[in-house]
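Worksheet for the structure shown next.
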Amino acid sequence: MTYILGISSHFHDSAAALVRDGEIIAAAQEERFSRIKADWHFPDQAIAYCLSHLPAPNTPISIAYFENPALKLDRVLHNAARTAPRGAPLWPRTLNMMRDYGHGLPRQLLSVCDDPNRIFFVPHHRSHAAAAFYPSPFDEAAVLVVDGVGEWSTTSLWNGCGDQLTPLGEILFPNSLGMFYSAFAQYCGFKVNSGEYKLMGLAPFGKPRFKKLILDRVIDLKPDGSFQLDMSFFRFDTDVSVISPLFEALFGQPTRRPEAPLDQHYMDIAASAQAVLQDVLVFLATTTLDKSGQKNLCLAGGVALNLSLIHI
Ligand SMILES: [Fe+2]
C-alpha cells in the first residue's frame, strides 16, 4: 500500500490529508486543534491526527506539499524587483517568506518524513485541480481553478482524464480574480483573505448598479477567453492594501470602516462585485469547456468558493 500525506501551510487554513492508494482516509484543518481561526502555521496537530490512521507508526509515507515554495518566492522576488522602490511596504513580508521557506519549512517537512526524495512540491493550481477532479464522480472533466494566486498562476484550465490532469492554459499574477474580489471585500470593510464570504453574504441585499462601471473600467474580458485587470485601481503588488485611492474615487465613497454601519452603497457594491464575478466565471468556464471539449466541469480554488450560482 502507498501512503501520501498532503500538507498545506504558511498561507492560511493549514491542513493535512492522508491518502492510501488514491483514497482519502483522514483529513483535518489545523484550526480544529489549535482553535486559531484560519491558522496558517505548520499543521503539526492535523498531521499527527492523519498519521494516527497509519497501520503502524513507522509505515513509509511520501509527502505532497501543496505548492512549490521556490517558484512562489521567484514570483514574489520578481515582483519586488519590478516594483522597487514603490513595493517597499511588502519587503518585510518577503523577508519573512524567505526565512520561512529557506529554513523553517524544510526543517518541518523533514521532521515528518526524513527522506528528502519522498517529499514532492506540487504546483499550487495542480493541487487545486487534483482536489476537485479526483474526488469528483467524473472519469473525464474540464477543470477550472480560480484563486488569489499560487506561484504565478491565478487562473488555470485543465483537462482531466482518468488519473491525468493536462494543463490547457493559465492567467498569471497580477491579473487575479481572487484579488479582484478581495478588493471589494476590503472596500466594504471586511478582512482580506478571510472576510470574502461576508461580501458574498452582503450581495443579496444590494442592487448591481455598479456592474457596468466595473466591467467598463476595472476588468477587461478578452476575446481569447482571458481577462485583464486595470492595475491603476489596485495596489496589492506594491502594498499591504489591495486597493488604490483610484478605486475609492471610482465608486465615490471611502472604504467602509470595519465596525461602521453597512449602508446601501456597500450593499450595492457587494451585489455588483458578485454579479461581475458570476459573469467572469461563466466566461472562464465556457472557455475551459471549449478548450477541453468536455461536458463535465469541476471548479476549484478560493474564488470558486465565493460563487453562489453558475449557469452555462
Ligand atoms: Fe489557492
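The values are calculated or read from the model by the stated rules, or taken from the named source; none is laboratory data. Predicted model only: the values in this text are computed from it and were never measured. Counting neighbours? That spans all protein chains shown, and the Cβs are built from the backbone with ideal geometry, glycine included. Surface areas here come from the heavy atoms of the whole protein model, side chains and all, with no ligands, DNA or RNA. Shrake-Rupley method; radii C 1.70, N 1.55, O 1.52, S 1.80 Å.
Some values worked out for this structure:
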quantity	calculated
Qualifying residue in segment 152-175 (condition: free of Cβ contacts under 8 Å to residues at least 24 places away in the same chain and of a type in the set (Gly, Ala, Ser))	yes
Residue selected from segment 149-162 under the condition touching a strand residue (DSSP E or B) at 6+ places or on another chain (Cβ under 7 Å) and open to solvent by 10 Å² or more (accessible area, probe 1.4 Å), by the criterion nearest to the ligand (Cβ to nearest atom)	SER153
Any chance ASP216 is modelled with pLDDT of 95 or more, of a type outside the set (Lys, Arg), farther than 30 Å from TRP91 by Cα and open to solvent by 20 Å² or more (accessible area, probe 1.4 Å)	yes
Residue list for segment 174-191, filter: open to solvent by 20 Å² or more (accessible area, probe 1.4 Å) and under 15 Å from ILE219 (Cβ atoms)	PRO174, ASN175, MET179
Top-ranked residue of segment 58-77 - restricted to ones that are more than 18 Å from the chain's Cα centre (by Cα) and modelled with pLDDT of 95 or more, ranked as surrounded by the most Cβ atoms within 10 Å (Cβ to Cβ)	ILE63
Neighbours by Cβ (under 9 Å, 6+ apart or cross-chain): first from segment 121-140, away from the ligand (no atom under 16 Å from the Cβ); second of a type outside the set (Val, Ile, Thr) and assigned to a helix (DSSP H, G or I)	GLU140/SER292
Verdict on ALA88 being in contact with a Gly (Cβ under 6 Å, 6 or more places away or on another chain), surrounded by 12 or more Cβ atoms within 10 Å (Cβ to Cβ) and among the aliphatic types (A, V, I, L, M)	no
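The rows are residues; the columns are (1) among the hydroxyl-bearing types (Ser, Thr, Tyr); (2) under 19 Å from SER9 (Cα atoms).
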site	(1), (2)
ARG32	no, yes
ILE36	no, yes
ASP39	no, yes
TYR49	yes, yes
PRO55	no, no
ILE63	no, yes
ALA70	no, yes
ARG86	no, no
TYR101	yes, yes
